[in-house]
Amino acid sequence: MKKLSARRRHPLAALVVLLFALAVTGGLYAAFAPADKAQADDTAQSLAIKEGKKLFAVGCASCHGTGGQGTSDGPSLVGVGAAAVDFQVGTGRMPAQQPGAQVPRKRNIYNNAQIDQLAAYVASLGPGPSVPDKAQYSADGADIGKGGELFRTNCAQCHNFTGKGGALTNGKFAPTLEGVDPKHIYEAMQTGPQNMPSFGDGTLSPQNKKDIVAYLGAVNGDKTASPGGMELGGLGPVTEGLFGYIFGLGACVAVAIWVAARTTKAKKS
Amino acid sequence: MSNETTATTTRRGQAPRGERIADWADGRLGIYSLAKSNMRKIFPDHWSFMLGEVALYSFIIIILTGVYLTLFFHPSMAEVTYHGSYVPMHGIRMTQAFESTLNISFDVRGGLLIRQIHHWAALVFLAAMMVHMMRVFFTGAFRKPREVNWLFGFLLFVLGMFTGFTGYSLPDDLLSGTGVRFIEGVILAMPLVGSYLQMFIFGGEFPGHDIIPRFFTVHVLLLPGIMLGLLVAHLILVFYHKHTQFPGAGKTNNNVVGMPLLPVYMAKAGGFFFLVFGVISVIAAVASINPVWAIGPYRPDQVSTGAQPDWYMGFAEGLVRVMPGWEWNFWGHTINFGVLIPILVFPLVLVAIAVYPFIESWVRGDKREHHILDRPRNVPTRTGFGVAWLVAYFVMLIGGGNDLWATHFHLSINSITWFVRIAFFVGPVLAFIATKRICLGLQRRDKDKVLHGRESGIIKRLPHGEFIEVHEPLNQEQLHVLTQHEQPEPLELGPEVDENGVRRKLKRTQKLRAKLSKGYYGEDNVIPKPTVEEYKEITSGHGHH
Ligand code: HEM
């Protein structure tokens, strides 16, 4: 007994205790958590995780760490969920390239199957929002009017009335939502990429999200009609003012020059 | 035709019907003698003299379309739920003002087109006024006897801004509602009276139920009424003073060379009206403006990015956007400098241009009438001031749209804000100096042209091998244009001491005036015109190349 209490003061004692504690929690976690999963697990799923892990090691680990635990170049992905990966990789944001104010959207370099595998792998690191299915983000059963109201309350302050985008501080910006896949709109709300807040189901219910997606489809989709003619970017009075000056007043001045030139001067020659 | 001849023709037989009607009217209204003296008024021809007309015609278009809109617009803030034909708004609660704007856009025949013509015409109206004002400014058309008319014009511009602002607020959409909220903030930022004034204007807490009906009255009755009166006065004065003209052969301070009002000028003006109407209608037919259905109804708890006013208020928006949000708190009161300073600077900038003519005439000590316009280069100080003013104005417009410049040119909004803060002070100074230099350069070139003729582009080789460019002498008219302007001496303060050797007491204003006068006519600020001797010497033959 005496021996043990003497060793308690040993400089390495804390480390031993820590290792022991880790082993115990790890063991317990291994005993319970995967057991839960194992039930739902089918071979396809674990195959996807395995493939995803390989892809991750090649394309993502340099920044996010080999186990997705994060490095100084990229945040931890534990618990971000499949939806975050599907959004980030599906919109081409990940893998990130040069550093800047904000990782921009670009051409996506993975195919759908690979994205699913990456998502499955990251989802296996910790629980998080899963990729929504089509019924969740399709316009069926959505209330567009309500969606508009919700959009103006929650999103317009950054993304503009109909999602044409807007500036944030120091070069950051809320991008235009034109041509963004409905699934990605839904996922953006679930996961809150970069400077965007996330809107969990407690803040915006799944029905609310559906309404918002449907509203954007109606006012900022490819089939959106602009009843008034050219939209001029849908950015409001600044572009209207420019257009009014250049084409409105510009044309009037051109006409004035033409009218003024049509007089005796013409006869004189 | 005079009355006597009409009388004799009636005895012999009936005069033509039209003539009889005209005669009847003239007997009672005295139109003929009025018309006789005025129909032959002369208007000089220059496109820049038609900018005022563009403003006039767009104003007429605004009134015509505005009347149509009032037939369908309900200036009420009572809440309703929308069930009209624009599906994405179904079931949304909104004010009647907003609902009726949606109805005008989607359910009233021609409503959307008329709305768009009305709004586009308003933008063109203000733009035309601004450019017209600049034309008057840079050519010195504001000099005696036209100072009062300059003020009438300036008032029209300012009232136009507020008419536009109140009109833009009427639909009660999220964009304009944000603007009204901005105005509320401006009112609240006024020390001491702010909160009382806010309660008075809004009839209670923001937004209340009164502001739209009140804006409606102001927008359709009060301001347009005053503007109409001012506009008529403005035109009467243009008529009465007669129009100015650019320098040219045969044009003097005592005549006007141009077309008679009737029939030539009237025909042109009438045609020009339809052309302006056409241009604005085409724009309204192809380009959307203020799509309230996409913007949504106003709710105080909502706001959108990119919330800007129409361009003519963008300058005020810029001032507020770039002003640091300083405030003082003491004894439970707040003074909000972030808003208070911009609302003080806003009128100052406008007044600076309005009072310029009076300052100039005081500095120059010039009390004569001027009917011949200045070429801007010949008055470098005025031209420099005008450009400096424009730079300050447009820098603030950039500030008002800082978010859009940021997103569209991939810049940081913070850098743009800093750029605007600095450029507002530095830009006008640089612009003033640069413009003055350019004006002097142009004066020098004019002098060169007078003395050595115009570069013809023909290269000649002389017998001894030298290449020279052949210069063509200017004709008499061109020479006149380049040399007709006056170059007075700067104001002198006179000797320091009077005839008795006593130091003269000079008022500070006198010294200031002498200094400013040097700014206009001092050695560094004019290129002396070629004298007759110089001209004769050079053109006499020898040494001419
Ligand atoms: C409702 C807006 C306005 C209308 C309809 C209007 C109309 C006109 C018209 C038709 C003319 C004669 C043609 C021309 O010189 O362009 C004129 C001349 C003039 N305007 Fe305006 N104007 C307006 C605003 C202004 C403003 C904002 C100013 C300056 C602050 C101004 C100052 C003058 C002056 C000084 C003249 C005499 C110009 C000369 O004789 O050379 N006006 N205006």
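Worth pointing out:
- Top-ranked residue in segment B:439-464 [being of a type in the set (Lys, Arg) and buried (at least 16 other Cβ atoms within 10 Å of the Cβ); ranked as farthest from B:Thr483 (Cα to Cα)]: B:Lys449
- Boolean, B:Leu113 is away from the ligand (no atom under 16 Å from the Cβ), open to solvent by 30 Å² or more (accessible area, probe 1.4 Å) and modelled with pLDDT of 95 or more: yes
- Listed here are the helices (runs of 4 or more DSSP H) enclosed by segment B:123-217 that have at least 3 residues being within 8 Å of the ligand (Cβ to nearest atom): B:147-169.
- B:Leu156 being open to solvent by 50 Å² or more (accessible area, probe 1.4 Å), over 24 Å from B:Val303 (Cα atoms) and not acidic (Asp, Glu): no
- Counting only helices (runs of 4 or more DSSP H) that sit wholly inside segment A:120-176, those with at least 1 residues that are modelled with pLDDT under 85 are A:134-137.
- Residue within segment B:389-398 that is modelled with pLDDT of 90 or more, open to solvent by 30 Å² or more (accessible area, probe 1.4 Å) and either more than 23 Å from B:Met134 (Cα to Cα) or within 15 Å of the ligand (Cβ to nearest atom) (or both) present: yes
- Number of residues in segment B:401-433 that are in contact (Cβ under 8 Å) with a residue 24 or more places away in the chain and open to solvent by less than 70 Å² (accessible area, probe 1.4 Å): the value is 13.
- Test: residue in segment B:159-167 that is buried (at least 24 other Cβ atoms within 10 Å of the Cβ) and aliphatic (A, V, I, L, M): no
- Selection status of B:His234, within 14 Å of another protein chain (Cβ to nearest Cβ), closer than 22 Å to B:Gly153 by Cβ, within 11 Å of the ligand (Cβ to nearest atom) and not aliphatic (A, V, I, L, M): no
- Among the residues of this structure, B:Leu223 does not count as one that is more than 30 Å from B:Leu479 (Cβ to Cβ), open to solvent by 40 Å² or more (accessible area, probe 1.4 Å) and within 13 Å of the ligand (Cβ to nearest atom).
- Number of residues in segment A:195-232 that are in a helix (DSSP H, G or I) and open to solvent by 40 Å² or more (accessible area, probe 1.4 Å) equals 3.
- Wholly within segment B:259-327, helices (runs of 4 or more DSSP H) carrying at least 2 residues that are more than 7 Å from chain A (Cβ to nearest Cβ) and open to solvent by 20 Å² or more (accessible area, probe 1.4 Å): B:266-286, B:311-322
- For segment B:237-256, the candidate set comprises residues that are within 18 Å of the chain's Cα centre (by Cα) and away from every other protein chain (no Cβ under 14 Å); within that set, the residue that is farthest from the ligand (Cβ to nearest atom) is B:Leu237.
- The selection criterion, being in contact with a Phe, Trp or Tyr (Cβ under 8 Å, 6 or more places away or on another chain) and under 25 Å from B:Lys251 (Cα atoms), does not hold for B:Gln476.
- Scan of segment A:95-119 for residues that are open to solvent by 50 Å² or more (accessible area, probe 1.4 Å), hydrophobic (A, V, I, L, M, F, W, C) and in a loop (DSSP other than H, G, I, E, B), ordered by number: A:Ala101, A:Ile109
- Neighbours by Cβ (under 8 Å, 6+ apart or cross-chain): first from segment B:351-368, within 17 Å of B:Pro380 (Cβ to Cβ) and within 16 Å of the ligand (Cβ to nearest atom); second open to solvent by 50 Å² or more (accessible area, probe 1.4 Å) and assigned to a helix (DSSP H, G or I): B:Tyr356/B:Phe385
The values are calculated or read from the model by the stated rules, or taken from the named source; none is laboratory data. As the structure is a prediction and not an experimental result, all values here were calculated from the model. Heads up, the Cβs are rebuilt from the backbone with ideal geometry, glycines too, and the neighbour counts pull from every protein chain shown. Surface areas here come from the heavy atoms of the whole protein model, side chains and all, with no ligands, DNA or RNA. Shrake-Rupley method; radii C 1.70, N 1.55, O 1.52, S 1.80 Å.
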